[in-house]
């Protein structure tokens, strides 16, 4: 597998061989998640849910179906989603009185209930989250985990008395999502405030969390929106303030896509041997491989391996012994493909000398340690640091600021480009035909097309 | 709240006040799960998933949609479900080429993949499970958690080389589901082999796991099916045996409904004060209530409470201190409603004497203990035993064997009735108009209508 040469083929091979998922389901754009992929997705979900609940979000779970009149209440929202909605129209052979949408996102169904749950200022702030699947009929080319018609995410929804509180909440979400992306998954990212024409339908503004893929494309892995009072006005979500007045709440909503984050983990950390998993999310964190050449040594080596396994399990580490009949080389190949962060080899000499041979998946480096000195958690920390730093360096290398169209054209498509734009329509085609404007910043910058004063933009090729 | 007097009102009040769920969603038969309910459902799910994975089931997650041609492959199966299927017919305004069903159960979609996954006898046995929601358009009166149009469950699916292995698997599932129902949830149950006319569509036979509700009705909380080769023949799931021959696999499938299990926990263990939760599934297992009358004692009592909390948390117990401004009585009322298994009261005298006052939710009994002797896990074991025994006694009391029609008519509707039936159509109406035949056993018994030799049946009123 050559990741550099043919990234797309590499990606599909890893997905299949590491049992992340099966793409052969009978509906295009819908996936069957398998053991290895599901475990990683679950780790992300649990990590995020814990952070959100520590931040006073209450877990909820809403139905997958939303009636057309509820989904359609906020006009910009429905206009933005209506082409992508899967509609349930029949139950058995009977036409339904109302069409029911498979949720493309849950603002409308959740806010319909918020209007029942919120009465008084004492009910505020209200913050809820749910982990679920959402459904969008994508007409563009689908790609497993990156663009699909059913995707797994967590969505947060809030209501506050003031816009200031809503803004503070979005700051906290930046920190929480930052932890998920960078601390847990060791991925670099930037936050881009979308131009007005590209914001979430119904939002005041949208922030996008973005990382960068080996094929030169920008991958949006999450978004967060300030919804202002747009939804609270149509759903009539009001509270009685301390003076007895009735006011509409201010709202935010946000969600990271677990599938896209998984795609980023696979693509950014992986190498020609397969997956390279950050230790915290690896289904198996350590694999112990007994090197069994002589039958006479077998029992003693397996006992030693069991001892190490027990010791590590007590430390809360997910560890397996591969005592199968395969040759050591075949075992290395298999566990490397699966991205297991640390391999411990135990041969006859290790046993005799009370030592262990350690091989890190990220660097491939081999070292020997005394069994008493084994500190797997310390090694995990080093692996995480290395993954994070390597990915960050590559990310930073792929952001360039350009001053003229020639440089712009040279870099766009393979990098995230920072440049200027005057904001005029006449200059837009030369810019937008090449990539998507990720952010229209408040910084000043000279237009890359006409040279007039304008604003700095970040632009890149997206999926 | 009077559970005896008006069970239905009591049930709805508890669901709402304990924040189990909200029934006011805009689609009939679909629920919004809230914090307390979700936590309990998750505990069940994790407990079951662990048992299944220890029993070599691999976790999977399949799409919610199934194309009509896949759902329709097994003729009995589709005949059994077609009236209940929610159909997606449009994406945006565009009609889909194929109708897509919201899965009513996943045999068909999973077995379509099994035919790709299984090639050789070395791929067998194959056992997978998934926790998900399924969708059935119920036309009968819906009841929250008991009969809905979206319900949460776990479904297991298997493939074996022989029917013997499939039978062995069903025996293991009886044990696993038994643990979930009786060990974790402290609920009594019986297993009924359904009459042929009431088996799962496409199955050879169906086993139902059933408990008994306070309103005299039988509640099916899970099923397990021997599917024989019915599905493997239509989905062409074959394996190459050691001699190179191609054979169809033998299959089973099974699932408990988490919502129905929650309904049973609430209804069977609950009392006039509200929920009574088995400790293992309680979101909060212990609540500490500081009795704060004098300001001068407040700090010392709160410190003492924190000390106890820390000690219990170290033992892995989910514990909260209620230091709010409410009066103790109001706090007792609140935490009793929520079913928290153990309350610890700490007053000035307890503090002075190094003691604690313990109140069990299940018995209401109050006792004092030295703080050094506090053993919450031992108390939890006693609570579980008491819940299990009390529920079992009540269950046993509600199973009666009757010899004549008068007794039959007296008991049917409020009890599970064991009696005989000759198997003839002419006697069926007098039996089946009163209840549902839960099991047609292999034991001999005289027909309750005509007195002729027949088989013993178990019959009851169901939801």
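Computed from the coordinates by the stated procedures, all read-outs in this text should not be read as laboratory data. Note that the structure is predicted; figures quoted are calculated from it, not measured. Cβ atoms come from the backbone with ideal geometry, glycine included; neighbour counts cover every protein chain shown.
Test of understanding: what is the full-extension gain from residue A:162 to residue A:450, defined as 0.36 nm times their sequence separation minus their Cα-Cα distance?
Gain on extension, residue A:162 to residue A:450, equals 99.5 nm.
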By the mean-Cβ-within-10 Å protection proxy, highest first, A:337-345, A:453-461 rank as A:337-345, A:453-461
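At a Förster distance of 60 Å, what's the computed FRET efficiency of residue A:174 paired with residue B:349, Cβ-Cβ distance as r, to 0.05?
E(calc), rounded to 0.05, equals 0.75.
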Honestly region B:399-460 on the Cα gyration tensor test (a ≥ b ≥ c root eigenvalues; a/c under 1.5 rounded, otherwise a/b vs b/c for prolate or oblate) is just rounded
Assertion target for B:102, A:51, ordered by fewest C-beta neighbours within 10 angstrom first, is A:51, B:102
Tilt, helix B:35-54 to longest principal axis of chain B (alpha-carbon atoms), in degrees rounded to tens, equals 60
Taking a ≥ b ≥ c as the square roots of the Cα gyration tensor eigenvalues, with a/c under 1.5 meaning rounded and otherwise prolate when a/b beats b/c or oblate if not, region B:92-246 comes out oblate
Where a ≥ b ≥ c are root eigenvalues of the Cα gyration tensor, a/c under 1.5 meaning rounded, otherwise prolate if a/b exceeds b/c and oblate otherwise, region B:36-85 counts as prolate
Averaged over the residues of A:129-141, the number of partner chain Cβ atoms within 10 Å of each residue's own Cβ comes to 2
Taking 0.36 nm per residue of separation between residue A:303 and residue A:229 and subtracting their Cα-Cα distance, the length gained on full extension comes to 20.1 nm
Computed over region B:284-379, the relative contact order (Cα-Cα under 8 Å, seq sep at least six) in percent reads 31
Quick calc, residue B:313 & residue A:430: beta-carbon distance into FRET formula, R0 56 Å, rounding 0.05, result 0.35
Rounded to one decimal in Å, the inverse mean reciprocal Cα-Cα distance for the protein assembly as shown, i.e. its Kirkwood radius, is 30.9
Here the FRET efficiency for residue B:414 versus residue B:247, based on Cβ atoms and R0 = 35 Å and rounded to 0.05, is 0.10
Taking A:234-242, A:36-44 and ranking on average Cβ neighbours within 10 Å, highest first, one gets A:36-44, A:234-242
A chain fully extended from residue A:463 to residue A:121 at 0.36 nm per residue, minus the present Cα-Cα distance, gains in nm 118.9 nm
Sorted on mean Cβ neighbours within 10 Å (highest first), peptides B:270-276, A:105-111 come out as A:105-111, B:270-276
Here the whole-number average of other chain Cβ atoms within 10 Å per Cβ of A:25-36 is 6
Expected integer from the mean partner chain Cβ neighbour count at 10 Å over B:87-100 is 6
Rounded to the nearest 10 degrees, the helix A:163-178 long axis (Cα) sits at an angle to the longest Cα principal axis of chain A of 20
Only helices counted: for chain A, with every DSSP H run of 4 or more residues adding -39500 (n - 2.57) and the sum spread over all residues, [θ] at 222 nm is -10000 deg cm²/dmol
Between the Cα axis of helix B:7-17 and the main Cα principal axis of chain B, the angle (0 to 90°, nearest 10) is 70
